[in-house]
1. Would the stretch 230-242 turn up any residue that is in contact with a Gly (Cβ under 9 Å, 6 or more places away or on another chain), on the phi < 0 side of the Ramachandran plot and within 16 Å of the ligand (Cβ to nearest atom)?
2. Could you tell me how many of the residues in the stretch 51-68 are open to solvent by 10 Å² or more (accessible area, probe 1.4 Å), touching a helix residue (DSSP H, G or I) at 6+ places or on another chain (Cβ under 7 Å) and either more than 16 Å from the ligand (Cβ to nearest atom) or part of a loop (DSSP other than H, G, I, E, B) (or both)?
3. Restricting attention to the stretch 11-25, does a residue exist that is among the aromatic types (Phe, Trp, Tyr), over 22 Å from Ala298 (Cα atoms), at pLDDT 95 or above and within 13 Å of the ligand (Cβ to nearest atom)?
4. With respect to Arg87, is the statement that it is basic (Lys, Arg) and under 22 Å from the mean Cα position of the chain (by Cα) true?
5. Only one residue in Asn141, Asn149 is surrounded by fewer than 17 Cβ atoms within 10 Å (Cβ to Cβ), under 23 Å from the mean Cα position of the chain (by Cα), in contact (Cβ under 8 Å) with a residue 12 or more places away in the chain and in a strand (DSSP E or B), so which one is that?
6. Considering only the stretch 184-222, state which residues are away from the ligand (no atom under 16 Å from the Cβ), aromatic (Phe, Trp, Tyr) and touching a residue at least 12 places away in the same chain (Cβ under 8 Å).
7. Scan Val85, Val28, Val45, Val71 and give me the residue that is near the ligand (Cβ under 9 Å from one of its atoms) and either modelled with pLDDT of 95 or more or surrounded by fewer than 24 Cβ atoms within 10 Å (Cβ to Cβ) (or both).
8. With the condition being within 23 Å of the chain's Cα centre (by Cα), surrounded by fewer than 16 Cβ atoms within 10 Å (Cβ to Cβ) and modelled with pLDDT under 95, I'd like the helices (runs of 4 or more DSSP H) fully within the stretch 229-302 carrying at least 1 qualifying residues.
Amino acid sequence: MPPAENPYNSVRYPGSAFLQTHPDRLAVLGILFGMNPPDVEHCRVLELACGDAANLIPMAFGLPDSEFVGVDLAAKPVAAAQDRVKRAGLKNIRVERMDLLELEPAFGEFDYIIAHGVYAWVPEAVQERILAICSANLSANGLAFISYNTDPAGRIRQILREMMQFHEQRAPESKHRVREGKSALETVLKVADPRSPWRSLIENELKLVFDRDERVVYHDDLGECFSPISFGEFVERASRCRLQYVSDASLGELMEPELSPEAHAALNQLAAGDSVAYQQYLDFAKCRRFRQTLLCHAEIPLRRDGLLERVKRLLVASPMKFSEAKPDGSAEFANIRGAGTITTNNPVVIAALKRLENIWPHAERFEDLANAILPALPETLQRDASDSLVQAVLKLAVSKLSDLRTHHIPAPKGISEHPTASFLARLMAQEGSRVTTMLHTHVEIEDEEGRKFLELLDGTRDRKALADALARDSSNESRESALAQIDSSLLNFYQMGLLVS
Ligand SMILES: C[S@@+](CC[C@H](N)C(=O)[O-])C[C@H]1O[C@@H](n2cnc3c(N)ncnc32)[C@H](O)[C@@H]1O
């Protein structure tokens, strides 16, 4: 019998950039927990099961003096990655077709190792290998990122998988596996008693599963393997490979700011000072389905106290934009990335956010931020202002309202005479609507006009030439309104991190 085709060749898994896997993010967390991680501007990064390298290629583009290697078993996504690397003219990245089971310690040493979206979807031998690689191929102060689906919540998803698998065995030749699975589950749901907790459990899970891209459901929910693991068991397996838990990849998920202080205290009491046990109780309480864990070598001394002192060593940025002064003296800020607003009456926070708004998408050293805003605050606030500022910065970072960074992004300071959009972004815009920014976030440029405008930003045109080029396509727009539109689009692209120096 011929070997079965690799499903990742027949149905392409949609690749994406994951900000939380960027070496700069990993370095920030390493520093916060007392490590001395490698300089991200001169590091070596390995991505395991990188698919079409949609995550790794933008990293290589933004960090030209670092070296990137991606490996994946499926030939087609690897070929697509190699093609994009070639077209982007990148020399600091290579993507290879390779089975993780064959990746040996001699493959080389890396400062950051990423395994996103793979651990739960592979057999146990490959899971073991992933941890072994993170141990044998990680440099002394390096950090590994592994994401995985967690138990006990993973068992709820398992129920859905089993129901779909049962249905599938009865109609094995279907061409529309995902749609048929969904329709079978919907039928079952209609029959279930509307008052039963069983029905609401399945209804909720069904929504979570099918709210995603059909190709993702195809692999994640109809694929052969699905092995969620509890956080405690994961950390135990890591420790057998002489790796230790550093942190969650997101400060928000690590610290759960939405939980009340009483809830935190109750879990702390259960955990009795054990940070791993604390996180495990949190998973139970929150029915957490997914984790993104950072690991480092077991012998590194980590620090879980004094976080605030180490925040002071970092760069700070914030995408918040002042939107309204309230009659009671407080101020409202809106996130230019679109996610929410905050209202604050803390003068330190207001001053910091106004300052950071002016420099976004860039960051500045905590010390420079403090020097810029603290002298202008009323004298009564001066004494504890630095402490209040560092607390505010960490709190904002936990809520994703500020970014902590270790390096400066390669973007211009302001919009130049001849604006240039990143070459990679222009390349991506030719192929679809999803474009990765220099901040390692992605934006959807849905309309044809937006993509055309992005492509025109190749550094050869000033505003006038841009207006001329656009005017050829739209006959009825006045010159003034075209120029105003250009200014607004340029500002938008600049703030999204699409322009380069
Ligand atoms: C769910 S996709 C995730 C892709 C990408 N990391 C992401 O998060 O978007 C899983 C990937 O693991 C790869 N994979 C599975 N088993 C593998 C193995 N033994 N060696 C290398 N890659 C493997 C598949 O080819 C596929 O590209």
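1. First pass over the stretch 230-242, keeping only residues in contact with a Gly (Cβ under 9 Å, 6 or more places away or on another chain): 230.
Checking which are on the phi < 0 side of the Ramachandran plot leaves us with 230.
Applying the additional criterion that residues be within 16 Å of the ligand (Cβ to nearest atom) yields none.
Within the stretch 230-242, not a single residue is in contact with a Gly (Cβ under 9 Å, 6 or more places away or on another chain), on the phi < 0 side of the Ramachandran plot and within 16 Å of the ligand (Cβ to nearest atom).
2. 4
3. Of all residues in the stretch 11-25, those among the aromatic types (Phe, Trp, Tyr) come to 13, 18.
When the remaining residues are screened for being over 22 Å from Ala298 (Cα atoms), the result is 13, 18.
If we keep only those that are at pLDDT 95 or above too, we end up with 18.
Remaining after also requiring within 13 Å of the ligand (Cβ to nearest atom): 18.
So far as the stretch 11-25 goes, yes, one or more of its residues are among the aromatic types (Phe, Trp, Tyr), over 22 Å from Ala298 (Cα atoms), at pLDDT 95 or above and within 13 Å of the ligand (Cβ to nearest atom).
4. Values: basic (Lys, Arg): yes; under 22 Å from the mean Cα position of the chain (by Cα): no.
For Arg87, the condition - basic (Lys, Arg) and under 22 Å from the mean Cα position of the chain (by Cα) - is not met.
5. Working: Asn149 fails: surrounded by fewer than 17 Cβ atoms within 10 Å (Cβ to Cβ).
Of the residues listed, the single one that is surrounded by fewer than 17 Cβ atoms within 10 Å (Cβ to Cβ), under 23 Å from the mean Cα position of the chain (by Cα), in contact (Cβ under 8 Å) with a residue 12 or more places away in the chain and in a strand (DSSP E or B) is Asn141.
6. Matches in the stretch 184-222: Phe210 only.
7. Details: Val85 fails: near the ligand (Cβ under 9 Å from one of its atoms); Val28 fails: near the ligand (Cβ under 9 Å from one of its atoms); Val45 fails: near the ligand (Cβ under 9 Å from one of its atoms).
It is Val71.
8. On the way: elements: 231-240, 251-255, 261-271, 275-286.
Filter on the stretch 229-302 gives 251-255, 275-286.
The values are calculated or read from the model by the stated rules, or taken from the named source; none is laboratory data. Since the structure is predicted, the reported quantities are computational estimates derived from the model, not experimental observations. Neighbour counts run over all protein chains shown; Cβ positions are idealised from the backbone, glycine included. Surface areas here come from the heavy atoms of the whole protein model, side chains and all, with no ligands, DNA or RNA. Shrake-Rupley method; radii C 1.70, N 1.55, O 1.52, S 1.80 Å.
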